Amino acid sequence: MLAAAVGCGDAGGLEGAGATATAVGPARLWPELTPASSPAFEIGEVNTEVVRGVKVPRDDIRRVDPVGVARAEIAASPGDYDGDKAPYRDTNRRMADCGKGPEHGRCPVLRPYYRDLTGDGRDDLTLGFRLLPGKTTAVRVYTVEKHRLVRVMAWEDALSGVELAGRSLVIRSPSEVAGYEYRLQWTWDRDQRAMLLTQDEMLRTGPRKHSRYPSTPPSAAPSLSPSASTG
């Protein structure tokens with residue numbers, strides 16, 4: 001009976017989860033470097049442009065023809081769409097199939113979505129159209145300013161998914177690393193009057209391999225103290 005009682009107690013007892021990595025605070029590297037005052041590359045963080053040739057009846061973006069917006073984008077970049085050697089030549093050709101609106105037949109323009117992303121109490125337009133013959137998709141966000149249609153965000157990529165969350169647009173794209181994907185988030189910035197890329201990360205999507213031990217034992221962590229040059 002005593003042995004049975006001990007066995008029952010062991011079955012419900014706590015078990016160790018293995019070693020836990022020691023928390024390590026941030027360490028500043030190369031403090032002697034002079035902080036840069038300007039970017040090394042022009043990334044185009046603030047990407048806004050008035051869409052020419054598209055009117056906004058009564059300043060209501062829902063009255064704007066999404067196909068007409070895509071046509072205006074194509075007209076603004078003829079080198080990308082016109083001609084047999086243009087990278088997105090099939091997009092331009094299939095625009096002829098958009099007479100009945102987005103997503104009808106072979107029309108490359110996707111269904112539009114409307115949501116207030118700028119916080120002004122009015123809907124904004126999120127639009128996508130396929131960049132053919134490749135496998136990428138153009139994603140755009142438009143708002144209305146001073147009776148004009150203004151593009152406040154632009155991105156092209158192979159898409160795993162697109163989401164609207166609050167004042168943000170989230171794009172998920174496949175990664176060349178198996179079991180991971182990219183997640184990029186644009187959020188409206190009222191000072192810049194644009195959707196800014198506020199988050200860019202790589203996330204695991206596949207199953208994680210579990211281990212009883214931390215990936216880097218605290219004792220094996222490399223030293224961050226500068227070493228003297230032996231040259």
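Worth pointing out:
- Counting only DSSP beta bridges with both residues in segment 85-159, the antiparallel share comes to about 100 percent.
- Dmax and Rg, reported as Rg then Dmax, of segment 48-146 (C-alpha, Å): 13.7, 44
- With Cα atoms defining each centre, segment 87-156 and segment 167-201 are spaced 18 Å apart in the structure.
- Take the Cα of S37, step 7 Å toward its Cβ, do the same at D59, and the gap between the two points is 4.1 nm.
- Net charge of the neighbourhood of R106, taken over other residues with C-beta under 13 Å away and scored Lys/Arg +1, Asp/Glu -1, is +1.
- Modelled FRET efficiency - R0 22 Å, D80 with R148, Cβ distances, 0.05 increments: 0.40
- Förster-model FRET efficiency, 25 Å R0, V24 and E201, C-beta, rounded to 0.05: 0.75
- Compared with the alpha-carbon gap, the fully stretched path from K135 to S175 is longer by 13.0 nm at 0.36 nm per residue.
- Packing, as the average of other Cβ atoms within 10 Å across residues, places the peptides 60-69, 156-165 in the order 60-69, 156-165, highest first.
Here, each number is a calculation from the coordinates, and none is a lab measurement. Worth saying up front: this structure is predicted, and the values here are computed from it rather than measured. Positions of Cβ are generated from backbone atoms using ideal geometry, with glycine treated the same way; all protein chains shown enter the neighbour counts.
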